[in-house]
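The values are calculated or read from the model by the stated rules, or taken from the named source; none is laboratory data. Quick caveat: nothing in here was measured; it's all calculated off a predicted structure. Ideal geometry is used to build each Cβ from the backbone, glycine not excepted, and the neighbour counts take in all protein chains shown. Please note that ligands, DNA and RNA were not included when accessible areas were found on the heavy atoms of the full protein model with its side chains. Shrake-Rupley method; radii C 1.70, N 1.55, O 1.52, S 1.80 Å.
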Amino acid sequence: SSWRTSNRWTWSIMETLKEAIQKLYAEGAEKYDIKSKPSIFLREDEPNSQMMFGRTAYYSPNEEKIVVYITDRHPKDILRSFCHELIHHVQNERGDLYREAGDDPQYAQNDSHMRKMEAEAYLKGNFLLRDFEDNFKYQWHGLRTVIATAIEKPGCSLLLGFLFLEESYLYLLV
């Protein structure tokens, strides 16, 4: 089934995306000791999505705001952009972002310090998403598979319960 309907996000995919962003934020907040939660906006922008080099996301250090463009993008790409911008928020909390750097559209090429900030955001943002995805696919999902297999074995009549993920913790309901 398609993850979009008529070029609009379906309700279930949008809810799943929001949930993933919340969980990624929780992991990032713990890992990088984030003090204040930034405002997070998911923006639909059809004209932007039609441009070869349209915006994907940005962080506003003065407002502590992350904006991620979602029109015509794969959910994983949206999450990657969110993670990148979240690292800029971490940098801002450390006092490493120049608030006036955004005035230069080529700040990543013209300012060696800001180039280092971009490199850190690419590296740590991508690893934040990669670790989150791998943990989901190979740890949490793997545990579900092990328990489901055990329940289905002949002679095993005890229903153990359901697994669910909440704020980076795995629970087994019995």
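With a Förster radius of 35 Å applied to the C-beta separation of GLN22 and ASN48, the computed FRET efficiency comes to 0.90. Protection proxy ranking of 25-36, 87-98, by the mean of other Cβ atoms within 10 Å over each peptide's residues and highest first, is 87-98, 25-36.
Largest to smallest in accessible area, the residues LEU123, LEU42 fall in the order LEU123, LEU42 (1.4 Å probe, all protein chains included). A crude spin-label estimate for the pair TYR122 and ASP104, with each label 7 Å from Cα along the Cβ direction, gives 1.8 nm.
Taking a straight line from the alpha carbon of LYS31, these lysines sit under 25 Å away, with near neighbours fewer than eight places off in the same chain left out: LYS18, LYS23, LYS65, LYS76, LYS116, LYS124, LYS137.
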